[in-house]
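Let me begin by presenting the structure, written as structure tokens, before commenting on it.
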Amino acid sequence: MKSKRLKPIQEIASTSAKNLSRAMGEAGRKVADLERQLEQLQTYRDEYVRNSTQAAGAMDAVKLQNYRSFLDRLGEALRQHLATLDSARIEYEQRRVQWSDKRIEAESLSRVMERFRKEEQHAADRREQREVDDAALRLCQARAEAGNR
């Protein structure tokens, strides 16, 4: 009964693949959220620059210094956000690879288990056919012996 011994292993691999799939989905959602936030941050920076450029004629030295300082902080925030996004993308890709490997393993175990199950069923069918044939042969022999008496 190889198929029965293999079933718990296949179930563990299948459960692990499902768990990795969920983790990959969470990592994918995190990447999507970070990409959306990055886009919002870039849009905010672009609008700030556009609005500040239109009002640049009335900008004194202090306002210009504050403007540049704020743009520097926005630039740093964008760089940090990009670094976070890159890390999230790497994590997503690692989880995708882990999930893919585990899914392939679970599918392979399922195929092997199914092959074992079919072999076991075929052996059981042959055994049953042999028993039916033996019973028929014994019946024929018993009738032949009864007819010879």
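The values are calculated or read from the model by the stated rules, or taken from the named source; none is laboratory data. Since the structure is predicted, the reported quantities are computational estimates derived from the model, not experimental observations. Because the Cβ atoms are built from the backbone with ideal geometry, glycine has one as well, and the counts that use them run over all protein chains shown. Remember, those area values only see protein heavy atoms, side chains included, never the ligands or the DNA or RNA. Shrake-Rupley method; radii C 1.70, N 1.55, O 1.52, S 1.80 Å.
Residue count for the stretch 107-149, restricted to those that are open to solvent by less than 80 Å² (accessible area, probe 1.4 Å) and closer than 12 Å to L6 by Cβ: 8. Can you pull out every residue in the stretch 40-61 that is more than 41 Å from the chain's Cα centre (by Cα), at pLDDT 85 or above and either among the acidic types (D, E) or open to solvent by 60 Å² or more (accessible area, probe 1.4 Å) (or both)? Selection gives R50 alone.
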